[in-house]
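All of the numbers you see were taken from the coordinates with simple rules; none came from a lab. Because the structure is a prediction, the values reported are computed rather than measured. Virtual Cβ from ideal backbone geometry, glycine too; neighbours counted across all protein chains shown.
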Amino acid sequence: MLLLAENRKARHNYSILEKFEAGLVLTGPEVKSAKNGRANLQGAYVIPKSGELWLTGLQIAPYPPAHREQANYDLSRDRKLLLTQAEINYLFGKLKQKGLTVVPLSLYTSHRFIKVELGLARGKTLYDKRVSLKRRETERDIRRSLKR
């Protein structure tokens, strides 16, 4: 499993309740560009459209050797997520609840396929963010002191 991109802000802004693995529908040059590490998940989110889930805001830079094929390439087009019908129905039900959303956490390869890790998340308040930062700092201090 090779990590291609990570959404670090998602773990800071949301508390992750459940995780899912989904495939992505990509073109050939997009796959090559993503495997070269030219993908960005910052600001990406998942939207439901007509019984399917779509990833919006994932930016994959154009693949330089294929620039002729990609004359009108859209950097951040919507990309279809590949999930089982049971997972899609489950997430549709959860998205109807107030305060829940689905955010992409990371983009990685699984064998020869590119997968995205999705998290069913609830937004954190400012107080929650401060508590998690304080907890992380104390854990870091404990690890430092145990090293000595």
message = Using Cβ contacts closer than 10 Å as the measure, can you line up Ile114, Ile142, Ile88, Ile47 from fewest to most?
response = Ile142, Ile47, Ile88, Ile114
Ratio Rg/Rh [Cα only; Rh per Kirkwood] for region 2-147 = 1.04
Under Karplus coefficients 6.51, -1.76 and 1.60, residue-wise ³J(HN,Hα) of region 30-40 in Hz, glycine/proline x = 5, 5, 5, 5, 5, 5, 7, x, 9, 10, 9
remark   = With +1 on the Cβ of every Lys and Arg and -1 on the Cβ of every Asp and Glu, the dipole magnitude of the chain about its Cα centre, in debye rounded to the nearest 20, is 800
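Rounded to the nearest 500, what is the chain's calculated 222 nm mean residue ellipticity when only DSSP H runs of at least 4 contribute -39500 (n - 2.57) each, over all residues? Before the final figure, lay out each step's value.
On the way: 4 runs with 47 residues, N = 148.
The per-residue figure over the chain is -10000 deg cm²/dmol.
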note = For region 84-96, Karplus-derived ³J(HN,Hα) couplings (6.51, -1.76, 1.60; θ = phi - 60°; whole Hz; x for glycine and proline) come out as 6, 4, 5, 5, 5, 4, 4, 5, 4, x, 5, 5, 6
ask   = Tell me, what is the percent relative contact order of region 1-103, built from C-alpha pairs under 8 Å that lie six or more residues apart?
value = 28
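What's the exposure ranking of Val102, Val25, going from fewest to most Cβ atoms within 10 Å? Numbers along the way, then the final one.
Details: Val102 23, Val25 13.
If I rank by nearby Cβ atoms, fewest first, I get Val25, Val102.
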task = Using amide H atoms built 1.01 Å from N in the peptide plane, name the residues 5+ places from Ser106, or on other chains, whose amide H lies under 5 Å from its own.
result = Asn7, Glu117
ask   = So for Thr138, Thr56, fewest C-beta neighbours within 10 Å to most, what's the order?
value = Thr138, Thr56
remark   = Checked against the positive end of the charge dipole of region 2-147 (+1 on Cβ of Lys and Arg, -1 on Cβ of Asp and Glu, about the Cα centre), the farthest of Asn7, Ser33, Leu91 is Asn7
task = Can you tell me the 0 to 90 degree angle between the C-alpha axis of helix 126-147 and the longest principal axis of the chain, rounded to 10?
result = 70
